[in-house]
Amino acid sequence: MHHPGLPKVLDGFDLEVEEGSRVGILGANGAGKTTLFYTLTGVYKPQEGEVLFRGQPIQYTADGLTEVRSKVSVVLQNPDEQMFCTLVEEDVAFSPLNIGMDRDEVEVRIDKALRDVRMSEYRKRPLQQLSGGQRKRVAIAGALAVDPEVMIMDEPTAGLDPQSSMEVMELAEKLHLRGVTVLISTHDIDLAYGWADRINVLRNGRKVYSGNSEDFYSDPENVHLCGLLPPSTFNMNREVSSMRGLSPAPYPHNSCEFLAKFGDKCNAGRIFCVPYKEGTGLSERHAEAAREAGPEAKIGVYGPDSRNALNGERIDFYFNGIDSCFSEAVLGRDSVLIYDEIFDTTVREQAEALRTLGADVRLEAVR
């Protein structure tokens, strides 16, 4: 990508993304991340090379770009760049209506997308009356409403408070579990380290690394040249492993895995799992799980559907419930984890990761 007389923004660049994967795009400001995303969605047309979607070149015609944008959604770093309407509901409806979706179906998708980002009560609100973080959530809702096959998110947590940031990552994980390919660019290296299957690192418009996070962060000189720093969990694991004369592998990627690797090897606690399917009762199962786990057990929730379905019930970990409840288990304490049914795979994968690190966490189903 370049204009005459100016250096190329992306040069000698090639990127292959596996379908259904979670991909982190990393790099300092000016590395080319946003330009890459504009190119992948057809906003920019490369002067050399081509962009393939499912093996076929993007066609830069009205019909060709409509086809791409019916399958590929993007959330830009600045939400104002993708807002074209006056009211929240109109803006969320803009993209699905533009690709020819039936109005009745669009209404259903508006309701669902706004619930997922906790913006339902703002449905009739003018966009100008919203804060920057609220507009970001509306932009995410608009992207969700298309029901894409690929979701591209450019700094999706920038400008959001910590709770809203956790909700965004829940939604990204939920999309992945539905089979959606998710690409996220971020300066939050801890976020990418705990979430991405694979990272691609850009420097001065070139891809300088593609692979797992551990190999990249094990090369301090390259990390420095790319304007990045190692994630905190990676650093702590390296330092504590060195102090104890241990290999840094296996690498923990979050706090509960770090506790499992270096904490006392006591008997792990139980997690009473309450998977929730939207539209079914939850209060009775919440109460039953709390009784089985005992009065001292903490209760966590994970996922927008579960969170929206709880009405005044006791919750100790309202956000980041998976990591929090598994940390409780590693410390030998029982807990209750309520989560959207689709996250059952995530819960079981986390339990298996902890077993690899030496903590045999037991999952107890509450149906």
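The single condition from (1) over 27 Å from residue 307 (Cβ atoms); (2) assigned to a loop (DSSP other than H, G, I, E, B); (3) over 25 Å from the mean Cα position of the chain (by Cα) that residue 42 fails is (3).
In the stretch 190-202 there is at least one residue matching the filter, namely being in contact with a Gly (Cβ under 8 Å, 6 or more places away or on another chain), farther than 26 Å from residue 321 by Cβ and of a type in the set (A, V, I, L, M).
What residue, among those in the stretch 237-253 that are hydrophobic (A, V, I, L, M, F, W, C) and more than 21 Å from residue 349 (Cα to Cα), is nearest to the chain's Cα centre (by Cα)?
As a first pass, look at the stretch 237-253 and keep what is hydrophobic (A, V, I, L, M, F, W, C): 240, 243, 246, 249.
Within this subset, residues satisfying the condition of being more than 21 Å from residue 349 (Cα to Cα) are 240, 243, 246.
Values: 240: 28, 243: 33, 246: 31 Å.
Only one residue fits best here, namely 240.
Assessment of the stretch 269-284 against the conditions (closer than 23 Å to residue 196 by Cβ and open to solvent by less than 20 Å² (accessible area, probe 1.4 Å)) yields no matching residue. Scanning the stretch 327-364 for residues that are among the hydrophobic types (A, V, I, L, M, F, W, C) and open to solvent by 50 Å² or more (accessible area, probe 1.4 Å) returns 331, 342.
If we keep just the residues of the stretch 233-247 that are over 30 Å from residue 29 (Cα atoms) and not β-branched (Val, Ile, Thr), which is most open to solvent (accessible area, probe 1.4 Å)?
First, the residues of the stretch 233-247 that are over 30 Å from residue 29 (Cα atoms): 240-247.
Cutting the leftovers down to not β-branched (Val, Ile, Thr) gives us 241-247.
On the way: 241: 2, 242: 87, 243: 159, 244: 136, 245: 69, 246: 85, 247: 68 Å².
Among residues in the stretch 233-247 that are over 30 Å from residue 29 (Cα atoms) and not β-branched (Val, Ile, Thr), the one most open to solvent (accessible area, probe 1.4 Å) is 243.
Taken as a whole, the structure leaves residue 202 outside the set of residues that are surrounded by fewer than 17 Cβ atoms within 10 Å (Cβ to Cβ), under 21 Å from the mean Cα position of the chain (by Cα) and not in a helix (DSSP H, G or I). Scanning the stretch 108-119 for residues that are closer than 15 Å to residue 90 by Cβ and open to solvent by 60 Å² or more (accessible area, probe 1.4 Å) returns a single hit, 111.
Number of residues in the stretch 79-107 that are open to solvent by 50 Å² or more (accessible area, probe 1.4 Å), over 26 Å from residue 32 (Cβ atoms), in a helix (DSSP H, G or I) and not polar (S, T, N, Q) equals 7.
Regarding the stretch 65-78, can at least one residue be identified that is closer than 18 Å to residue 164 by Cβ and open to solvent by 30 Å² or more (accessible area, probe 1.4 Å)?
So the first thing to find is which residues in the stretch 65-78 are closer than 18 Å to residue 164 by Cβ, and the list is 75-78.
Then keep just the ones that are open to solvent by 30 Å² or more (accessible area, probe 1.4 Å); that gives 77-78.
Within the stretch 65-78, one or more residues are closer than 18 Å to residue 164 by Cβ and open to solvent by 30 Å² or more (accessible area, probe 1.4 Å).
Set side by side, the residues 68, 92 differ, and just one is in contact with a strand residue (DSSP E or B) (Cβ under 7 Å, 6 or more places away or on another chain) and under 16 Å from residue 148 (Cα atoms), which is 68. Candidates in the stretch 45-64 are the residues that are in a strand (DSSP E or B) and closer than 20 Å to residue 35 by Cα; of these, the one that is most open to solvent (accessible area, probe 1.4 Å) is 52.
Residue 310 passes every criterion in (1) in contact (Cβ under 8 Å) with a residue 40 or more places away in the chain; (2) under 14 Å from residue 274 (Cα atoms) apart from (1).
Among the residues making up the stretch 113-140, those that are part of a loop (DSSP other than H, G, I, E, B) and at pLDDT below 90 are 117, 118, 131. Just one of 295, 230, 250 is in a loop (DSSP other than H, G, I, E, B), free of Cβ contacts under 8 Å to residues at least 40 places away in the same chain and open to solvent by 20 Å² or more (accessible area, probe 1.4 Å); which is it? Answer to the check: 295.
Does at least one position in the stretch 263-276 carry a residue that is touching a helix residue (DSSP H, G or I) at 6+ places or on another chain (Cβ under 7 Å) and either more than 30 Å from residue 312 (Cα to Cα) or free of Cβ contacts under 8 Å to residues at least 40 places away in the same chain (or both)? Among the residues of the stretch 263-276, at least one is touching a helix residue (DSSP H, G or I) at 6+ places or on another chain (Cβ under 7 Å) and either more than 30 Å from residue 312 (Cα to Cα) or free of Cβ contacts under 8 Å to residues at least 40 places away in the same chain (or both), which makes the answer yes.
The values are calculated or read from the model by the stated rules, or taken from the named source; none is laboratory data. The shown structure was predicted, so the numbers you read here are calculated from the model rather than taken from an experiment. Positions of Cβ are backbone-derived with ideal geometry, glycine not excepted, and every protein chain shown enters the neighbour counts. Keep in mind that these areas ignore ligands, DNA and RNA; they rest on the heavy atoms of the full protein, side chains included. Shrake-Rupley method; radii C 1.70, N 1.55, O 1.52, S 1.80 Å.
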